[in-house]
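Data block below; observations after.
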Amino acid sequence: MIALGIEGTAWNLSIALVDEKDVLFQINKPYLPKTGGIHPREAAQHHAEEIPKILSEIFKRFDKIDLVAFSQGPGMGPCLRVVATAARLLALKLKVPLVGVNHCLAHLEIGRWKTKAKNPVTLYVSGGNSQVIARRGERYRVFGETLDIGIGNALDKLARHMNLPHPGGPKIEELAKKGKKFYNLPYVVKGMDLSFSGLVTAAQKLYDSGVSAEDVSYSFQEVAFAMLTEVTERALAYLSLDEVLLVGGVGANERLQEMLKLMCEDRKAKFFAPPKEFMGDNGAMIAYTGLLMFKSGYKTEIENSAVKPDFRIEEVLITWD
Ligand code: ATP
Ligand code: FE2
């Protein structure tokens with residue numbers, strides 16, 4: 001079976017085709033704001049203009065599509081609506097089933113697919129999300145999460161303050177490698193939950209006081225990533241699991257990977273991270289998860305295909321292994 005997946009919850013529009021074995025094709029068309037952050041309506045406009053171009057490219061190469069999957073949420077309302085409209089139309093036109101996919105679940109499932117992790121504690125770190133997730137019976141449960149902004153947004157905010165272009169995560173990673181001096185910053189873990197906004201403000205003040213961007217980036221990463229590693233470790237111990245899976249755009253960060261790897265070595269747990277192209281938002285994760293869901297009994301009728309801007313991973317009944 002060949003599934004087409006459309007991802008467009010935020011800035012990256014990505015459409016892919018996958019079958020049971022592999023990713024067959026993928027086109028990414030990121031919306032890059034000229035200044036500042038993402039404007040939801042402009043991003044939606046960008047997606048609406050690009051979707052037809054990408055689809056006509058796909059139909060030049062492939063004539064057999066058995067399923068249409070789309071990111072139903074969570075995400076920015078205007079972007080989600082453009083994606084859902086295109087997906088409905090395509091499914092009706094091709095006369096194939098439609099499957100609405102939870103974006104967070106898709107990050108997690110493509111991570112499992114590409115790494116062969118079986119039953120991991122998943123650390124999902126992206127722009128809007130920072131969650132520690134594990135499967136309990138027929139649901140994925142969120143054991144800990146950010147109480148304010150996602151770690152990716154925190155990195156992007158700090159980067160913007162230091163006049164670095166969006167997305168800031170990779171720029172901060174480069175600067176941090178050159179950092180020499182560690183400055184203490186607020187480490188906020190409350191039970192299993194995290195908070196990053198106070199940390200961002202403190203790091204911005206540190207920069208304003210004349211500390212170099214390299215040292216600010218280094219100190220920020222050390223504190224924020226230690227917080228994430230602590231909560232992941234606690235979930236691992238509490239649930240008696242022995243695998244850690246890292247997914248989401250921030251997962252590309254080598255220092256975060258290193259910290260988690262060290263923690264896993266100490267606990268004799270296995271550490272997994274998918275290739276970088278499957279870390280950030282990608283159409284393949286939607287196509288793959290749609291296929292997985294369809295094969296285990298899911299199908300989204302048109303009347304149930306409304307977008308879900310606040311869609312949580314716990315809402316999905318997991319009917320597969
Ligand atoms: P979600 O809807 O899941 O929150 P998203 O729209 O934020 O996803 P992703 O592609 O998953 O999209 O993540 C983007 C984030 O990842 C940005 O905040 C970016 O700065 C961050 N990022 C990307 N590469 C790195 C890196 N090497 N180090 C740290 N952060 C990174
Ligand atoms: Fe994402």
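What is the antiparallel percent of DSSP beta bridges lying wholly in the chain, to the nearest 5? Taking every DSSP beta bridge within the chain, about 60 percent pair in antiparallel fashion. Within the accessible surface of segment 119-274, defined with a 1.4 Å probe on protein heavy atoms only, the carbon and sulfur portion equals 48 percent.
Between helix 213-239 and the chain there is an angle of about 70 degrees, using the helix long axis and the longest principal axis of the Cα atoms. A cut-off under 14 angstrom between Cβ atoms defines the neighbours of Lys276, and their net charge, with Lys, Arg +1 and Asp, Glu -1, is -3.
Highest mean packing comes first when the peptides 142-153, 235-246, 309-320 are listed by Cβ atoms within 10 Å, giving 142-153, 235-246, 309-320. DSSP bridge analysis restricted to segment 119-274 gives an antiparallel fraction near 60%, rounded to the nearest 5.
Sequence gap at least 6, Cα distance under 8 Å: using those rules, report the relative contact order of segment 119-274 to the nearest whole percent. Once divided by the residue count of segment 119-274, the mean separation gives 27 percent.
Helix 77-94 against the longest principal axis of the chain: what's the angle in degrees, Cα atoms only, rounded to the nearest 10? In the chain, helix 77-94 runs at an angle near 30 degrees to the longest axis. The residues of the chain present an accessible area of 44 Å² per residue when probed at 1.4 Å with all protein chains retained.
How high is the relative contact order of the chain, given as a whole-number percent (alpha carbon pairs under 8 Å, six or more residues apart)? Relative contact order for the chain comes out at 26 percent.
Per-residue ellipticity at 222 nm, computed for the chain from helices alone with -39500 (n - 2.57) per DSSP H run of at least four residues, works out to -14500 deg cm²/dmol.
The protection proxy used here, the mean number of other Cβ atoms lying within 10 Å of each residue, ranks peptides 119-127, 218-226 as follows, highest first: 119-127, 218-226.
Seen from Lys118, the other residues with C-beta closer than 14 Å to its C-beta sum to a net charge of +1, counting Lys and Arg as +1 and Asp and Glu as -1.
Please express the shape of segment 119-274 as an equivalent ellipsoid: the semi-axes are the square roots of 5 times the eigenvalues of the C-alpha gyration tensor, given largest first in whole angstrom. Mind dumping the intermediate values first?
Details: eigenvalues 149, 45, 36 Å².
Semi-axes, largest first: 27, 15, 13 Å.
In terms of Cα atoms, the Rg and Dmax of the chain work out to 19.6, 61 Å. Centre-to-centre, using Cα atoms only, segment 125-188 and segment 253-312 are separated by 17 Å.
Could you please report the charge total around Ala3, scoring K, R as +1 and D, E as -1 over all other residues with beta-carbon less than 9 angstrom from its beta-carbon? Around Ala3, the charge tally is -2. Each part reduced to its alpha carbon centroid, segment 4-70 and segment 73-121 end up 11 Å apart.
Taking the chain as the reference, fit the longest principal axis to its C-alpha atoms, fit the long axis of helix 254-267 to the helix C-alpha atoms, and give the angle between the two in degrees, 0 to 90, nearest 10. On a 0 to 90 degree scale, this one is about 80. Assuming a ≥ b ≥ c are the square roots of the Cα gyration tensor eigenvalues, decide whether segment 1-133 counts as rounded (a/c under 1.5), prolate (otherwise, with a/b larger than b/c) or oblate. Taking the square roots of the gyration eigenvalues as a ≥ b ≥ c, segment 1-133 is oblate. So for segment 188-233, averaging the separation of alpha carbon pairs under 8 Å that are six or more residues apart and normalising by length, what relative contact order in percent results? With pairs under 8 Å counted, the relative contact order is 47 percent.
The values are calculated or read from the model by the stated rules, or taken from the named source; none is laboratory data. Being a predicted model, the structure only gives us computed values, none of them experimental. Cβ: placed from backbone, ideal geometry, glycine included. Neighbour counts: every protein chain shown. Side chains are part of the model used for accessible areas, which takes the heavy atoms of the whole protein and leaves out ligands, DNA and RNA. Shrake-Rupley method; radii C 1.70, N 1.55, O 1.52, S 1.80 Å.
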